[in-house]
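Everything below concerns the one structure shown next.
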Amino acid sequence: MFNAAQNIIEKTEALLLSQSTRYKFWSKFTRNVVLPFKYMFMGFEDLFKHIPFFVFTLVSLLAVSGFFFSSIDLIETVKPFMIYICFVVTLILILFAVPTTFISGGVNSKHIIDTVGFINEEDIYTSKEVELLEQNFNLLFESIKSRIKLYQWGIGVSWAIYMLFFNLGIRVLLNVEGGITNKTAIMEHFLSFILAILITLVALILVAAYKVANERVIKTIQFACVQQKYDIDYHNGD
């Protein structure tokens, strides 16, 4: 069951990344060199799939509000707030979207059916065997979740350590000769702070994309197991 679970995960990964597993050596090479980049791209695709809708909605709201309020005598100080209102409304549409727009997590029926085929290739034809396979998957998926948590903790700890040194640096700069008049050193220190924020944001986005990509693989396999049990029970019922 352990080997079967690993084989199914490997084939599902290749399926989602449109990668062939026919040739062993080439498959092993691409798995370690090529697929990580394609895997992250898949994660970015799912993570930012609402960006086009966000941009289109925001531009549409701005255009409509601009046309509508141009004919109304508004106080000049109020007009700029229309941009923020349009932005907030668009953000609400994204953050509080109905479940059917996001629960699938990029999973589609074709990939599920193909993964069911991978399960059949491992000669798993009874509901009991599928349940045992699911137990193996759950254990393997825990290692994926643990790895993501490790990355998240690493970013959090790194940020906490940086903030400690940043605060110490500020105190040192304020206590040296010249004190706060040493504007160049203060500015360089704050520029390093901005750089640290940008690096942290990039790291968080990378981890989020990696998490989303893993969730697509996990959900595809989980749905395939449910489909396999349904197919088995359906045929047995006949």
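The values are calculated or read from the model by the stated rules, or taken from the named source; none is laboratory data. Keep in mind it's a predicted model, so treat the numbers as computed, not measured. Ideal geometry is used to build each Cβ from the backbone, glycine not excepted, and the neighbour counts take in all protein chains shown. All accessible areas refer to the heavy atoms of the entire protein, side chains included, with ligands and DNA or RNA removed. Shrake-Rupley method; radii C 1.70, N 1.55, O 1.52, S 1.80 Å.
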Accessible surface, 1.4 Å probe, highest first, among residues MET1, MET187, MET163: MET187, MET1, MET163
With every protein chain in place, the chain: carbon and sulfur % of accessible area (1.4 Å): 70
Distance histogram for the chain (every C-alpha pair counted, 10 angstrom bins, percent rounded to whole numbers): 6, 20, 22, 19, 16, 10, 5, 1, 0
Calculated FRET efficiency for the pair SER20/ILE197, C-beta based, R₀ 45 Å, to 0.05: 0.60
Of the GluC sites (Glu not before Pro) in the stretch 94-190, those whose Cβ has at most 13 other Cβ within 10 Å and which sit in DSSP loop: GLU177
Estimated 222 nm signal from helices in the chain, with DSSP H stretches of n ≥ 4 weighted -39500 (n - 2.57), rounded to 500: -28000 deg cm²/dmol
Estimated FRET transfer efficiency when R0 is 25 angstrom, pair LYS128-SER104 (beta carbons, to 0.05): 0.30
Per residue solvent-accessible surface (Å²) - the chain, probe of 1.4 Å: 68
